[in-house]
Every structure is written in structure tokens, then in C-alpha cells.
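The values are calculated or read from the model by the stated rules, or taken from the named source; none is laboratory data. Keep in mind that what you see is a predicted model, and the values were worked out from it rather than measured. In this analysis, Cβ positions are derived from the backbone assuming ideal geometry, glycine residues included, and neighbour counts consider all displayed protein chains. With ligands, DNA and RNA removed, areas are computed over all heavy atoms of the protein, side chains included. Shrake-Rupley method; radii C 1.70, N 1.55, O 1.52, S 1.80 Å.
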Amino acid sequence: MSSKLHPLVQKTKVELLKLDKLKSISWEEQKRYDSEFLPISVEPKLRERALNFMNDLIHLLEANDHCIKFDMNRCHVEMYGQLTEINLRQKYFRKRIPNDYGYSHNTFEKSNKLEFQIGSCYRKNWIDKETKTLEEYLPAIYSHIEKKSKEYAEIRERQRIQEEERKRIEKIEAEKAELIALENAKLEKLITDADNFIKASNIRSYIKSLQNKINQADISNNSKDQDYVKWANKKADEIDPTLNFKNE
């Protein structure tokens, strides 16, 4: 057990002494406590043990390059990038009390036992026993958190690698699809240009025949016919892709 209190333990100790003087704690005060101080919920007679236990836990964590971290208004042990919520409380035992009418109700009796919990939805706990104190469970507690943290870290790493591989394959497939789309677009343009070239050629062939017909009929002075020929040639030029060819 470390004789020197960790700054976070000392800070928590001072805060708990302040809260002892209050008749009740508001929701805002509880929220502030949960987000800044160690989760210790015990009577003053068990306070020193609880603080010393947390002190030993924090020093053990830091000696192995781990730490305590507050997240989402909860206190956690951080190992290998994984967060494990922790809580230290005084154990209460449920007891059913019968009445004179044959019914019973639940009540909770305080004990002098400390209980350390980890997790939020699925909790695991260690509690004082007749043959073993909570302090003696500290190596087992540390080992359990370390084992689970490593397992979750390995799972997260595998998930990260799988996600990177998924994104890599997705990118390759997207690039392939883009190349196919570009190739299809080029083919569609080629077909359209070929069709337009034929149309332009047909228009010019038609206009040439029409011009010969006009010349043979000696009606070259007909301005309407000449305007039509000019307009038709202009449209053929607009349609003809060879006059505005761009290799994209």
C-alpha cells in the first residue's frame, strides 16, 4: 500500500468531507462529483479503507502506464485504449421482513464490507469475505481488467484492419466502376458521333442534289431557296462531329 495519497485520491477525500456536511445532494452536484471524483460511496467509518484501496489501484495502474479517465460523467480505468467503468461502494444486503399478516417487504441492511464493481451493463464485482479482504483481491482485479482490456483491444484492432480492408476493396471497386462508366460514356459518344456524321453527310448529299436541281431549273435567284441551302449546310456543320472534334 502506498503511503502517499495520489492527487486524485486527495482531491476526492476533500470533496467527500464537504459533501458530508450537506443534508442532501442535488442532481447537478452529483453529476459534477461523478465527472471529477473517484466513485466512492461508503459511510465515513469505511472512508479511509476505500480511499486507500483506490490509492493502491491508481498507483498500480500508473506503474504499468495505465490510468484513470473520466468519460460521460463516469470514472473508468483506461488500459490499451479501452475504458472499464469502476465503482467502490459499501455493500448492502437485501433482507425480507415478514409482518403479522403473512406478507413481507424488502429492506436493505448496511454491512461493513467493501464491494468493488467494474462494468456498466454487465458488472463483475469483488467483495470482502471472512477469509479475504477486498485489498487482497487487488492483483486479481487488476489482472481481470487487463485481460479483458487486451481482448477488447485485439477485437478493435481486428475490426480496424477489417474496416481498412473493406474500404480498400470498396475504393478499388469504385475505381473499376468509374473506369467502366467512362469507357461506356466514350462508346456512347462514339456511336452518337458516328450517327451524327452520317446525318451530316446525308444532309450535305441531299443539299447538293437540291442545289443541282435548283441550278437546272434556273431558279438560282430565288432567295428563299438559297437561304434554305445555307441554313441546311450550317445545320450539317453543327451536327458534323469532325468539325468540332475533341479527343477527351
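Please state which one of LYS95, LYS69, LYS110 is in a strand (DSSP E or B), at pLDDT 95 or above and basic (Lys, Arg). Full working, then the answer.
Working: LYS95 fails: at pLDDT 95 or above; LYS110 fails: at pLDDT 95 or above.
Residue meeting the stated conditions: LYS69.
Here is a list: GLU135, GLU36, GLU62. Which entry is farther than 26 Å from ASP20 by Cα and at pLDDT 95 or above?
Criteria check complete, one pass: GLU62.
List the number of the failed condition for THR131; all other conditions in (1) open to solvent by less than 100 Å² (accessible area, probe 1.4 Å); (2) closer than 30 Å to ARG47 by Cα hold.
Tallying (1) open to solvent by less than 100 Å² (accessible area, probe 1.4 Å); (2) closer than 30 Å to ARG47 by Cα, THR131 fails exactly one: (1).
For every residue, the table says whether it meets (1) at pLDDT 90 or above; (2) under 20 Å from ILE239 (Cβ atoms).
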{"residue": "LEU187", "(1), (2)": "yes, yes"}
{"residue": "ALA194", "(1), (2)": "yes, yes"}
{"residue": "LYS199", "(1), (2)": "yes, yes"}
{"residue": "ASN202", "(1), (2)": "yes, yes"}
{"residue": "TYR206", "(1), (2)": "yes, yes"}
{"residue": "LEU210", "(1), (2)": "no, yes"}
{"residue": "ILE214", "(1), (2)": "no, no"}
{"residue": "ASP218", "(1), (2)": "no, no"}
{"residue": "ASN222", "(1), (2)": "no, no"}
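Cβ-Cβ under 9 Å, sequence separation 6+ or interchain: first residue in segment 182-207 and under 15 Å from ASN244 (Cβ atoms), partner among the aliphatic types (A, V, I, L, M). Which pairs?
The qualifying pairs are ASN196/ILE239; PHE197/ILE239; LYS199/ALA236; LYS199/ILE239; ALA200/ALA236; ALA200/ILE239; ALA200/LEU243.
Taking the residues in segment 139-152 that are closer than 15 Å to HIS66 by Cα and out of contact with any strand residue (DSSP E or B) (no Cβ under 8 Å at 6 or more places or on another chain) as candidates, determine which candidate is surrounded by the most Cβ atoms within 10 Å (Cβ to Cβ).
Taking the candidates together, the pick is TYR142.
Could you grab me the full set of residues in segment 197-234 that are among the acidic types (Asp, Glu) and open to solvent by less than 70 Å² (accessible area, probe 1.4 Å)?
ASP225
Is it the case, given these coordinates, that ALA194 is surrounded by 10 or more Cβ atoms within 10 Å (Cβ to Cβ), out of contact with any Lys or Arg (no Cβ under 9 Å at 6 or more places or on another chain) and among the hydrophobic types (A, V, I, L, M, F, W, C)?
yes
For segment 153-164, indicate whether the set of residues that are touching a residue at least 60 places away in the same chain (Cβ under 8 Å), in contact with a Gly (Cβ under 9 Å, 6 or more places away or on another chain) and either open to solvent by less than 80 Å² (accessible area, probe 1.4 Å) or within 30 Å of LEU51 (Cα to Cα) (or both) is non-empty.
Going residue by residue through segment 153-164, those that are touching a residue at least 60 places away in the same chain (Cβ under 8 Å) are 153, 156.
Filter once more, so that each one left must be in contact with a Gly (Cβ under 9 Å, 6 or more places away or on another chain): 153, 156.
Within this subset, residues satisfying the condition of being either open to solvent by less than 80 Å² (accessible area, probe 1.4 Å) or within 30 Å of LEU51 (Cα to Cα) (or both) are 153.
Yes, that holds for at least one residue.
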